[in-house]
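Below: one structure, written as structure tokens.
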Amino acid sequence: MPYITWSFIYYAYSCGTDVSVFIMKVFTSKTSFHLWFMPPFIGYAILLPMIKYIFNEDGKDKFRFIICCVFVFSICIPSIISIIGLFIKEQEYLVKLNQFNLTLPGYILYAMAFPYLHKKINIKLGMFVYLITIAFNVLLNVFSSEKIGRPVEIFYGFTTLTVFLSSYIFFNVVMTADLSFLPNFMKWITYEVGECSFGIYLAQRLVYLSLDKLGWLNHDRAIVDPLVNTLVTFAVTLLCVGVFRRIKFLRY
């Protein structure tokens, strides 16, 4: 329902009127580029009960090799092929390794692997490694863009090796962190953002377009304005979602 509802909202906002086009976009494309994650998320939610059943406490050790296979064939090999293909030359033998079909949708690996990989870590060291990984990923995309002469964003994909590793590190940082030291107001803000996070992501594009149309956003300064626009959009979106969450029928 959220996917169909928000798809309709963005389709109507863009002045779409053809019902058949809307239906086609819902099932084969999207009505706003930032809704790309919703179909994979729906598939993830459908498959998750099966994954949880297989990888329960009794099956953890028994099926550990499956995690390794999926990680290598769904995450590592595609990322390595992309890097080699951009900077050197596509290695055909690497592509043919997938003839074994030991692959699953990469996002499934998050549900499969994180229960195994969750552990307490040093938060400062974890954040340092996380930032280094993010910086490396940014440089990788910048160098790739410079080499082929157009923007490259493939290494920002959620099933790439660098994004998976940085997600794993940040996941453990968050799970290890003890936020009890925060003042009550900061705790309230943290929980409020967390509870509204899904709605914030869904609504932020609509809020951004509306604010821009009202002239509340600036685009003159290359670095400062995007940062300010992001903060303004986030604050307004959080406020709107926080209000709508308290209206019973809109909450769902």
Hey, can you tell me all the residues within the stretch 5-31 that are hydroxyl-bearing (Ser, Thr, Tyr) and in contact with a Leu (Cβ under 8 Å, 6 or more places away or on another chain)? SER7, TYR10, TYR13
Neighbours by Cβ (under 9 Å, 6+ apart or cross-chain): first from the stretch 212-224, surrounded by fewer than 13 Cβ atoms within 10 Å (Cβ to Cβ) and among the hydrophobic types (A, V, I, L, M, F, W, C); second assigned to a loop (DSSP other than H, G, I, E, B) and modelled with pLDDT under 90: VAL224/ASN218
Flagged in the stretch 51-93 as open to solvent by 50 Å² or more (accessible area, probe 1.4 Å), modelled with pLDDT under 75, assigned to a helix (DSSP H, G or I) and not hydroxyl-bearing (Ser, Thr, Tyr), in numbering order, are LYS52, ILE54, ARG64, PHE87, GLU92
Of the residues in the stretch 165-189 that are farther than 28 Å from PHE136 by Cβ and not aliphatic (A, V, I, L, M), the one that is surrounded by the most Cβ atoms within 10 Å (Cβ to Cβ) is LYS187
Return the residues of the stretch 145-164 that are open to solvent by 60 Å² or more (accessible area, probe 1.4 Å), part of a helix (DSSP H, G or I) and under 17 Å from ILE81 (Cβ atoms); say none if nothing qualifies. LYS147, ILE148, ILE154, TYR156
Search the stretch 102-126 for residues that are closer than 11 Å to ILE51 by Cβ and open to solvent by less than 40 Å² (accessible area, probe 1.4 Å) and pair each with any residue that is part of a loop (DSSP other than H, G, I, E, B) and modelled with pLDDT of 70 or more when their beta-carbon atoms are under 8 Å apart and the residues are at least 6 apart or on different chains. LEU109/THR159
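Give the stretch 183-200 a look and list any residue that's more than 10 Å from LEU238 (Cβ to Cβ) and of a type in the set (Gly, Ala, Ser), or say none.
Passing the criteria: only GLY194.
Listed here are the residues, each with its yes/no results for (1) modelled with pLDDT of 80 or more; (2) among the β-branched types (Val, Ile, Thr); (3) within 26 Å of TYR44 (Cα to Cα).
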{"site": "ALA111", "(1), (2), (3)": "no, no, yes"}
{"site": "TYR130", "(1), (2), (3)": "yes, no, yes"}
{"site": "PHE158", "(1), (2), (3)": "no, no, yes"}
{"site": "VAL163", "(1), (2), (3)": "yes, yes, yes"}
Output the number of the condition that GLU192 fails; it satisfies all remaining conditions of (1) of a type in the set (D, E, K, R); (2) loosely packed, with under 13 Cβ neighbours inside 10 Å; (3) closer than 27 Å to HIS118 by Cα. (2)
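The values are calculated or read from the model by the stated rules, or taken from the named source; none is laboratory data. Not measured: the values here are computed from a predicted model. Every residue, glycine as well, gets a Cβ built from its backbone with ideal geometry; the counts of neighbours run over all protein chains shown. Ligands, DNA and RNA are excluded from the accessible area calculation, which covers all protein heavy atoms including side chains. Shrake-Rupley method; radii C 1.70, N 1.55, O 1.52, S 1.80 Å.
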